[in-house]
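Following: one structure in structure tokens, then a few remarks.
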Amino acid sequence: MVSLNPPVCDFDWKAPDFNLPGVDGRNWKLADVVGDKGLLVMFICNHCPYVQSIIVDLVKTVDKLNRHGVDTVAIMSNNWQKSPDDAPDKMLDF
């Protein structure tokens, strides 16, 4: 369920390094995705009605942030065997 009162971002927080598989077949680390002026990390999934309803605006926002030096990474942390719509090939299509 979507939080109606999300916490305010802590802009000084340092993200821990990670090494996660991408839909492109390679593994990604923090250093691979952080932009010159920061990184927006989103935890999203394909089957979420909220994500589905905002995806067009989300892509526009990500493009805008990228032009300002802030890169974005979307992480899907669901078990896709239990939620097949979130399988890597479906993520790539989405």
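The values are calculated or read from the model by the stated rules, or taken from the named source; none is laboratory data. Since the model is a prediction, treat every value here as computed from it, not as a measurement. Positions of Cβ are backbone-derived with ideal geometry, glycine not excepted, and every protein chain shown enters the neighbour counts. Accessible surface areas use protein heavy atoms only, side chains included; no ligands, DNA or RNA. Shrake-Rupley method; radii C 1.70, N 1.55, O 1.52, S 1.80 Å.
The single condition among (1) in a helix (DSSP H, G or I); (2) out of contact with any strand residue (DSSP E or B) (no Cβ under 6 Å at 6 or more places or on another chain) that VAL62 does not satisfy is (2). In segment 44-53, the residue that is surrounded by the fewest Cβ atoms within 10 Å (Cβ to Cβ) out of those that are over 25 Å from LEU30 (Cβ atoms) and free of Cβ contacts under 8 Å to residues at least 24 places away in the same chain is PRO49. Taken over segment 1-20, the criterion of being open to solvent by 100 Å² or more (accessible area, probe 1.4 Å) and either in contact with a Leu (Cβ under 6 Å, 6 or more places away or on another chain) or at pLDDT 90 or above (or both) is satisfied by ASP17 alone. VAL34: farther than 27 Å from ASP85 by Cβ and β-branched (Val, Ile, Thr), yes or no? In short, yes. Tell me whether segment 55-64 contains one or more residues that are over 24 Å from LEU4 (Cβ atoms) and modelled with pLDDT of 90 or more. Yes. When residues in segment 57-94 are screened for being free of Cβ contacts under 8 Å to residues at least 24 places away in the same chain, over 21 Å from VAL34 (Cβ atoms) and open to solvent by less than 90 Å² (accessible area, probe 1.4 Å), 3 of them pass. Of the residues making up segment 42-53, those that are out of contact with any Ser or Thr (no Cβ under 9 Å at 6 or more places or on another chain) and not aromatic (Phe, Trp, Tyr) number 6. Here TRP13 meets the list (1) in contact (Cβ under 8 Å) with a residue 12 or more places away in the chain; (2) more than 14 Å from the chain's Cα centre (by Cα) almost entirely, failing just condition (1). A count restricted to segment 24-53 and to residues that are under 14 Å from SER77 (Cβ atoms) and of a type in the set (Val, Ile, Thr) stands at 3.
Could you list, in sequence order, the residues of segment 28-42 that are loosely packed, with under 11 Cβ neighbours inside 10 Å and of a type outside the set (Asp, Glu)?
Our first condition is that a residue be loosely packed, with under 11 Cβ neighbours inside 10 Å; within segment 28-42, this holds for 31, 36-37.
The answer is ALA31, LYS37.
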